[in-house]
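Structure first, commentary second.
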Amino acid sequence: MARTIEEINEKIRAGSVVVFTAEEIIEVVREKGIKRASREVDVVTTGTFSPMCSSGAFINLRQEQQKMKLGGGYATLNDVPAYAGLAAADIYLGATALPEGDPRNNNGRPGRFRYGGAHVIEELAQGKKVLLKAGGYGTDCYPKRRREQMIGFEEMNEAFLFNPRNCYQNYNVAVNLSDKPIYTYMGKLKPRLGNANYCSAGQLSPLLNDPMYRTIGIGTRIFFCGAEGYVVWNGTQHNPDIPRLANGTPTAGAGTLALIGNLKDMDPKWLRAVSFTGYGVSLSVAVGLPIPILDEEMMRFVSVSDADLKAPVIDYSVFYPTGEGKPKLAEVTYEELKSGAIEVSGKKVPTGSFSSYAKAKEVAGYLKSLIRDGKFFVTQPVRSLPGPSHK
Amino acid sequence: MEKKKVVLTFPPSSVEDPVIFHLISDHGLKVNILRAAIDPGKQGRMVVDLTGEESRLSAGTAYLKRQGIGIEPLTGEIRHLEDQCTSCTACVPVCPTGALHVNRETWMVSYDADKCVVCLSCVDVCPYRAIVSHF
């Protein structure tokens, strides 16, 4: 059994494509077996909705009559600094950027981080205007030196999300072995293994369903915060050489994706600013990736369930920040994580997630309906992502 | 026996009165203090479970009102903003009473005000600011 991307797209066009989500397919395979399921099913959709700090927006500001060069100057949006070291009118607003001296962020320790780059991006997506304050040194061709103006999408030629690292293939489970609470990007961790936080959609997570990057690569079309997006490169810190289980999935954070999509087309429902007490601001993004079932191997890959996926339990009080102490306290399955408690060093530890499984289901379900309705086609990557050096 | 979970608001003038003592000894109510923020000279707030016969409860409530103490049902002290919530479940393990609960079939998070003791543990762990408190 083998099918091509073209054949799948032909079926999408004809309205005869068979699609399941990565959650539904588990039961289908259990019932029918790999062989029959791979004959019958064309596409499996994945989804994730989670904070992904390495996110941000490239914005090109429409020039006023008298032109201005931002490159080498500065620009803030609602007092959040954007990177202006580009051409005359391009800026990059990072999700985690913070306004200087803002009481919403630095109101004692732990800070609340109520406002930052992600909030500006969220407000723009909601159709709101934000206050631009920009300055440049003025040149013969760009004489204007100061600009202060309320701007929204109308005042921007382009605004696109370009996220250097999203969709981590698996992730740490964070715990705290110390005697005091700590505040991390994995949330508040209570002392002495008081709680364990994880962050992955597990069986619905894109790269856990295509663990060897056979169908997801550069050029792959994706559902990105309600708009069409693309995988443009491997993400930063992409590390395919993490030890893997027999099913091909890595046992810790491994592959990552760099993603791009038009912010102007995004739905604020799928793009949410988040505040991590004591840590900072981040952006939650929704990503849906379709996985074409090219052959039986792909069907085997997408049929993994939470019980087949393992994540490392890491101490964020000592090991994560300093590299000292025991690297891995335990290895647990997503089934255990989702049961509400895991066992670490003989102690029952309650679990919570930052990745919303409810939203991941919604994303995968929505992408499934788009494909079934002939509104979303699958793609052949232009180039594969780097895979493991030793298979 | 009836049980009421209420929020008491003390005007600065009554913070130094032994109000809880009177509720117990004069009105025969069982008082379980779930949370209290009382400082001399400032408005104080307390979340309590009041248990007793219906007549005693209404007499106790009337006494509190005579003292100028605000008495309101707990609902509304903590609000779970469902349209802001993404059901990520970050709040679930920090909630000591199971008031914030995830249905492990649908993965939707819900809030049960009857179980909430206003410990506020959830407020700062919600990255979406979907849980707000007026305490």
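Here are some notes:
- Taking a point 7 Å from the Cα of B:Glu82 along the Cα-to-Cβ direction, the residues of the range A:250-294 with backbone N closer than 20 Å to it are A:269-270.
- Loop-located trypsin sites (Lys or Arg not before Pro) in the range A:110-198 whose Cβ has at most 11 other Cβ within 10 Å (DSSP): none
- Given R0 = 51 Å, the distance between the Cβ atoms of A:Trp233 and B:Glu53 translates into a calculated FRET efficiency of 0.10.
- The charge dipole of chain A, taken about the Cα centre with unit charges on the Cβ atoms of Lys, Arg (+1) and Asp, Glu (-1), comes to about 680 debye, rounded to the nearest 20.
- For the range A:277-315, backbone nitrogen atoms closer than 18 Å to the point 7 Å from A:Glu6 Cα along Cα-to-C-beta are found at A:292-295.
- Distance (nanometres) between label positions extended 7 Å along Cα→Cβ at B:Tyr63 and A:Arg62: 6.9 nm
- Helices assigned as whole DSSP H runs in chain A whose Cα atoms extend at least 20 Å along their own long axis and whose mean Kyte-Doolittle hydropathy is -0.5 or higher are found at A:357-372.
- In the range A:99-190, the GluC sites (Glu not before Pro) that fall in loop regions by DSSP, at most 12 other Cβ within 10 Å: A:Glu100
- Net length available on complete extension from A:Arg30 to A:Ile242 is 73.5 nm, with 0.36 nm assigned per residue and the Cα-Cα distance removed.
- Mean Cα-pair separation over length for chain A, i.e. relative contact order, pairs under 8 Å, 6 or more apart, %: 25 percent
- In this simple spin-label model, placing a label point 7 Å from the Cα along the Cα-to-Cβ direction at both B:Ser133 and A:Thr322 gives a separation of 3.2 nm.
- Chain A, helix-only ellipticity at 222 nm - DSSP H runs n ≥ 4, -39,500 (n - 2.57), divided by all residues, nearest 500: -5000 deg cm²/dmol
- Using a simple spin-label model with pseudo-atoms 7 Å out from Cα toward Cβ, B:Asn32 and A:Met150 lie 5.2 nm apart.
- Annotation for the range A:325-358 versus the range B:53-125: alpha-carbon center distance of 27 Å.
- Test item: Cα-centred dipole of the range B:77-135, Lys/Arg +1 and Asp/Glu -1 on Cβ, debye: 120 debye
- For chain A, built as a Gaussian network whose Cα springs stay under 10 Å, the top-fluctuating residue of A:Asn197, A:Asn60, A:Asn157: A:Asn157
- Chain B, relative contact order in percent, only Cα pairs under 8 angstrom and at least six apart counted: 25 percent
- Measuring r between the beta carbons of A:Glu296 and A:Asn157 and using R0 = 56 Å, the FRET efficiency lands at 0.75.
- Gain in span if fully extended, A:Lys347 to A:Ala87, counting 0.36 nm per residue against the direct Cα distance: 88.1 nm
Every number here is computed from the coordinates shown, using simple stated rules; none is lab data. Computed from a prediction, not measured in an experiment: that's the story for all the values here. Glycine also receives a Cβ, built like all others from the backbone with ideal geometry; neighbour counts cover every protein chain displayed.
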